[in-house]
Amino acid sequence: MPSFDEVLKEAGEFGRFQKRVFFLLSQTGVTFSFLFTSVVFLGQAPQSYWCRIPGAAELSARCGWTLEEERNLTLLPLRLANESSSQECERLDTVWDTSESCANPLARHGARGAGSLPHTACRGDWVYEQPHASIVSEYDLVCGNAWMLDLTQAILNLGFLAGAFTLGYAADRYGRILIYLLSCLGVGICGVIVAFAPNFAVFSIFRFLQGVFAKGSWMTCYVIVTEIVGSDQRIIGIVIQIFFTLGVMLLPGIAYWIPNWQGIQLAISLPNFLFMLYYWAVPESPRWLLTRKKGEKALKIMRDIAKHNGKYLSPHYSEITVSNEEVSNPSFLDLVRTPQMRRNTLILMYAWFTTAIIYQGLVMRLGIVGGNLYLDFFISGAVELPAALLILVTIDRIGRRPPFAISNIVAGIACLITAFLPEDLPWFKTTVATLGRLAITMAFEIVYLVNIELYPTTLRNFGVSLCSSLCDLGGSIAPFLVFRLATIWLELPLIIFSFLAVVCGLLVLLLPETKGISLPETVDDVEQLSSHYSKCSKKRKHRDTNSYI
C-alpha cells in the first residue's frame, strides 16, 4: 500500500485545492491578532475624568452647569486643599448642600475654609469626558482599580492556556475541522457577550472563554494547513504569521473609525461566525483520519484534492497505509516517554516561553513612538513583516535549525548591547532594540513550524498546543518582569532577556533538522528523524556529485 506522502505527491502537494484552503484558514490569523492586541484600544485611558462630590449631580442639574463648569468647581477647592493630591482619584470629604449658591456652592467655607477641607479617596462616583468609550470608563478601571485593566489581558492569556490543553487534546481525539468550527463559533458568541457585559465579572468570564476558543481555532487551523501540503511547502505556516501581522496593522484602522469599545469588540468578534461556512469548503485532515483507521474517508478526500488540482489518482490507490499506532487519549506522558520526544518537548517548551517573554517585553519597552496611537500601532505591526520575509528566503535553503538558533542569539546580543548603550544616542539605542525585536519575531514564527514538524500525527495538535501554552505563561509574566525589574534598574529586563535568548539559541541546536523530511506519522518516526535527515543529506550530496560529474 502507498504511504500518505506518496498519494499526496500524485494528488498535488500544493495545488489549487491547498491554496484555497490555505487562504481561507489564514484569515483566522487576522481575527486572532485582533483579540490578542485589542486591549490597547478597548482599554484606552480616558482623556479626562474626575471624582464627583456627593450632592453635586443634583446641584448641577438644578443650576444647569455644564460638565466643564462642574469640573472646575470640584477641582479648584481640591487644589486649594492639597496641591500635591491626585485630583482625579480624590475628592473633598464633604457633601454639597443642594440649597447652596449655584455661583459658589462652597462660599460658606470661604477661600481659606475650602482650602482647609479634608480630602478622601474616591469611592466610584467618577465622571468621564467620554463615558463608555472604553472598558476603563465602562467599569471604572482607574486609580485604585487601574490594575484590573492588566488583569483583563492576564485573563485572556489564561484562556489561551486553558484552550491549549483542552482543545488541543480534543482536536487530536475528535478531529481537526470539528474543533476548529466549534472554536470559531465559541469565539463569536463569547465576543458578543463580552460587548454587552453588564459588569466586570461577566466581562472577565467571557473574555477568558473567548481566549479558550480563540486558541483552539488558531492552533487547529495552523495544523490543518500544514498537514495537507507536501514537505517542501510547509513553510506556508510562516505565511500564516504574516496574516497575524496584517491583523495587527488593520486593527488601528478599525478602532479609529469606531468610537466606542463595544463597537470595536463586535467588529473583531463577528467575523468568526463567517468561518462556520468553512464546513462546506475545508475537509478533515486526511492525515488525522488515517490515525483513526479511517482510510476510506482519507482516500476519498485525497481524490477530491486531486480532482481540484487537475490531477488523477492511479486506480491502484485503493488503500493508503494506515498507521498501526493510535493514541486515543493523548497525555503529557506521551510527549516525554521516548528520548527524542522528551528532548524535543522540553526544548520547545522553553523556546515558546522565552520567545513570548522577550517579544512582549521588547514591545512594552519600546512603547508607542510619538503621540498618534493609531499610526504608531500600525507602524509597530509593519516592523514585523521583514522577519517573515527573511524566514521565507532562508528556511528552505539552509534549514530550520540555523535561522532558529541565530535569530535567538542575535536577539540576545541586541538586548545586551541596548542595555549598555548611552542614553545620549537614542536613535542608535532604538535601532539596536528594533533589531532585537525583528530577531525574536523570527524565532517566534519559526517555533510554530518546527513544533508541528517534530510531532507525529497522532500527537501533533496536542503537542503543539501544550508546548505553545508556555507562550501564554510567558506572556502573563512579561509585564511583571519588565515593570518590576525596571524599578531596580531600567535596563535590567534586557539583561534577563539576553540570557534567556542566548540559552534558547544554543538549545535549539540539539533539535533534529526537519528540512525536506515528511511529517512523522508515529513516535518511531520522530525517534528516527536525526538519522533519517543524515541519510537524506548524504543521498542529496551523492546525487549532486553525480550530476556534476
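Taken together, the criteria exclude ARG397 from residues that are more than 22 Å from ILE496 (Cα to Cα), in contact (Cβ under 8 Å) with a residue 60 or more places away in the chain and open to solvent by 20 Å² or more (accessible area, probe 1.4 Å). The criterion of being small (Gly, Ala, Ser) and closer than 30 Å to THR458 by Cβ holds for ALA356.
Of all residues in the stretch 257-291, those being more than 20 Å from ARG207 (Cβ to Cβ), in a helix (DSSP H, G or I) and not β-branched (Val, Ile, Thr) number 12.
Give the stretch 420-443 a look and list any residue that's open to solvent by 30 Å² or more (accessible area, probe 1.4 Å) and either more than 24 Å from ILE379 (Cβ to Cβ) or in contact (Cβ under 8 Å) with a residue 12 or more places away in the chain (or both), or say none. Result: PHE420, PRO422, ASP424, THR430, THR434, LEU435, LEU438. May I ask you to verify whether ARG207 is farther than 28 Å from ILE258 by Cα, in contact (Cβ under 8 Å) with a residue 12 or more places away in the chain, buried (at least 18 other Cβ atoms within 10 Å of the Cβ) and basic (Lys, Arg)? It is false that ARG207 is farther than 28 Å from ILE258 by Cα, in contact (Cβ under 8 Å) with a residue 12 or more places away in the chain, buried (at least 18 other Cβ atoms within 10 Å of the Cβ) and basic (Lys, Arg).
Applying the set (1) modelled with pLDDT under 90; (2) under 19 Å from PHE23 (Cα atoms); (3) buried (at least 21 other Cβ atoms within 10 Å of the Cβ) to ASN272 leaves exactly one unmet item: (1).
Given the condition more than 23 Å from the chain's Cα centre (by Cα), within 18 Å of LYS515 (Cβ to Cβ) and not in a helix (DSSP H, G or I), answer yes or no: does some residue in the stretch 384-401 qualify? Yes, the conditions are met somewhere in the stretch 384-401.
I need a count of the residues in the stretch 13-42 that are outside any helix (DSSP H, G or I) and surrounded by 21 or more Cβ atoms within 10 Å (Cβ to Cβ).
Total meeting the criteria: 1.
Condition check for ALA281 on (1) among the small types (Gly, Ala, Ser); (2) open to solvent by 10 Å² or more (accessible area, probe 1.4 Å); (3) out of contact with any Lys or Arg (no Cβ under 9 Å at 6 or more places or on another chain): one failure, at (3).
Residues of the stretch 284-295 that are touching a residue at least 12 places away in the same chain (Cβ under 8 Å) and surrounded by fewer than 22 Cβ atoms within 10 Å (Cβ to Cβ): GLU284, ARG292, LYS293, GLY295. Taken together, the residues in the stretch 162-177 that are surrounded by fewer than 23 Cβ atoms within 10 Å (Cβ to Cβ) and of a type in the set (A, V, I, L, M) amount to 3.
Of all the listed residues (PHE200, PHE206), the sole one being in contact with a Cys (Cβ under 8 Å, 6 or more places away or on another chain) and farther than 20 Å from SER285 by Cβ is PHE206.
Restricting the first member to the stretch 504-532 and to residues that are over 17 Å from LEU348 (Cα atoms) and of a type in the set (Val, Ile, Thr), and the second to residues that are at pLDDT 80 or above and open to solvent by less than 50 Å² (accessible area, probe 1.4 Å), the beta-carbon pairs closer than 9 Å and six or more apart or on different chains are ILE517/GLU453; THR522/PRO456. Just one of the listed residues (LEU151, LEU185, LEU141) is open to solvent by less than 40 Å² (accessible area, probe 1.4 Å) and touching a residue at least 12 places away in the same chain (Cβ under 8 Å), and it is LEU141.
The values are calculated or read from the model by the stated rules, or taken from the named source; none is laboratory data. Predicted model, so just to flag it, every value in this text is computed and none were measured. Neighbour counts are summed over all protein chains in view; Cβ atoms, including those assigned to glycine, are modelled from backbone coordinates with ideal geometry. For accessibility, only protein heavy atoms count, side chains too; no ligands or nucleic acids. Shrake-Rupley method; radii C 1.70, N 1.55, O 1.52, S 1.80 Å.
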